[in-house]
Amino acid sequence: MSTLAQIAQLTADDEKAVSAAAGAGMAYGLAAIGPGIGIGYLVGQAVQAMARQPESAGQVQTTMFLGIAFTEALALIGFVVFILLKFV
């Protein structure tokens, strides 16, 4: 059976499952964009700060890792939303 014939035979429940999967994937993709940009900016600024004042590199590095952890938490929250949309 061809793919087009299979798509034509989708029931209402199948269409709902396909919509939920597409919405969940889109939600997680959008949720991952912000933290990715944030972490990139954070690390870039930390490297710049360490280059300007090498004696404060330890403190800057600690703060950078804390910022990365908090920013990554946003991506994890997006993943939880993805799971909730997919299976609930």
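The values are calculated or read from the model by the stated rules, or taken from the named source; none is laboratory data. These numbers were taken from a predicted model, which means no experiment stands behind them. Cβ sites come from the backbone with ideal geometry, for glycine too, and all protein chains shown count toward neighbours.
Out of 63, 71, I need the residue that is surrounded by 15 or more Cβ atoms within 10 Å (Cβ to Cβ), among the polar types (S, T, N, Q) and either more than 30 Å from residue 16 (Cβ to Cβ) or without any contact (Cβ under 8 Å) to a residue 24 or more places away in the chain (or both). Which one? Full working, then the answer.
Values: 63 fails: surrounded by 15 or more Cβ atoms within 10 Å (Cβ to Cβ).
71 is the lone residue from the list that is surrounded by 15 or more Cβ atoms within 10 Å (Cβ to Cβ), among the polar types (S, T, N, Q) and either more than 30 Å from residue 16 (Cβ to Cβ) or without any contact (Cβ under 8 Å) to a residue 24 or more places away in the chain (or both).
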Exercise. Does the stretch 30-44 contain any residue that is touching a residue at least 60 places away in the same chain (Cβ under 8 Å) and closer than 26 Å to residue 76 by Cβ?
Worked result: no
Exercise. Can you find even one residue in the stretch 31-38 that is closer than 30 Å to residue 14 by Cα, part of a helix (DSSP H, G or I) and either touching a Ser or Thr at 6+ places or on another chain (Cβ under 7 Å) or not β-branched (Val, Ile, Thr) (or both)?
Worked result: yes
Exercise. Just for the stretch 1-30: of the residues that are part of a helix (DSSP H, G or I) and of a type in the set (Ser, Thr, Tyr), which one is modelled with the lowest pLDDT?
Worked result: 3
